[in-house]
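Here, each number is a calculation from the coordinates, and none is a lab measurement. Bear in mind the structure is a predicted one, so any value in this text is a computation, not a measurement. Cβ placement follows ideal geometry from the backbone for every residue including glycine, while neighbour counts extend to all protein chains displayed.
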């Protein structure tokens, strides 16, 4: 299949795939090696932003050229992944914040005092 | 018209999404996608009662480019930290005040900051309109807040308010 492509394009597509995979891998290693939960949440984001994005871009270029029509499915994948990541991330992070505050752990910002806040309607 | 199409932007977006998923712009797909788009946007008006007003649609393109560039830069920065033998980033929490009040603009800001590997949006406090952000490699807190305000919040304020 890859033989159908001109050399420079197959190099470009391969480079995107390899760089994307490298970024995703770095994120996964980060998830394992970093010390605290709040540091770890930054790791997988690399896979969902640029790592995944580059692999999807390579896929879009490759299939657009070999099928000889515009293939933009990948854009939708990227959109869905980007839109849903913050939801899970916030859920996990706020659960951890809540637990750390209840347990009174060090290094976590305190919950804002109720007295400071104006009465909400 | 308002009752049939309470959220024209959402409906148009859904129609485009449907056509991209089907990989075709045939009449049947447009009709079916249109029905889905209108039905979903009517259902959505139950949970989004207010009208979404976008004042400067063209500024969106600028926002996408600015955010995209920052995401690429941040990916490379975080990768260089992670490939260190002993990664020891100077991480920290930031609580920043936001002028932005519009829930959609806040959602977009949350998506951008979360998609950037170096920062994560943790908790928004509506009563004080502050947000708690965790930053992976925090060098200068003041500068970081100023950058977010200048690059994103200013643009989002222009678009939505």
If only Cα atoms are counted, what is the Rg of region B:1-50, and what is its Dmax, in Å? 11.1, 33
Relative to the present Cα-Cα distance, how much length would full extension add between residue B:40 and residue B:53 at 0.36 nm per residue of separation? 2.8 nm
What is the spread of the Cα atoms of the protein assembly as shown along each of their three principal axes, largest first, in whole Å? 60, 57, 32
How large is the helix-only mean residue ellipticity at 222 nm for the protein assembly as shown, computed as the sum of -39500 (n - 2.57) over DSSP H runs with n ≥ 4, divided by its residue count, in deg cm²/dmol to the nearest 500? -19500 deg cm²/dmol
Ranked by Cβ crowding within 10 angstrom, fewest neighbours first, how are A:46, B:79 ordered? B:79, A:46
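Where Rh is the Kirkwood radius over the Cα pairs of chain B, the temperature 25 °C and the viscosity 0.890 mPa s, what D in µm²/s does Stokes-Einstein return?
Numbers: Rh = 18.2 Å.
Answer from the Stokes-Einstein relation: 135 µm²/s.
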Under 14 Å by backbone N from the virtual spin label 7 Å along Cα-to-Cβ at residue A:36, the residues of region B:71-107 are B:88-95
For region A:44-87, alpha-carbon Rg and Dmax in angstrom: 11.4, 37
With label points set 7 Å from each Cα along the Cα-to-Cβ direction at residue A:25 and residue B:125, the distance between them in nm comes to 4.3 nm
In this structure, the FRET efficiency calculated for residue B:4 and residue B:149 from their beta-carbon separation, with R0 = 30 Å, to the nearest 0.05, is 0.15
Radius of gyration and Dmax over the Cα atoms of region A:1-43, both given in Å: 15.8, 48
Two-site FRET efficiency, residue A:92 against residue B:76, from Cβ-Cβ distance with R₀ of 22 Å, rounded to 0.05: 0.30
Compute the Rg/Rh shape ratio of chain A: radius of gyration over Kirkwood radius, all on alpha-carbon atoms. 1.20
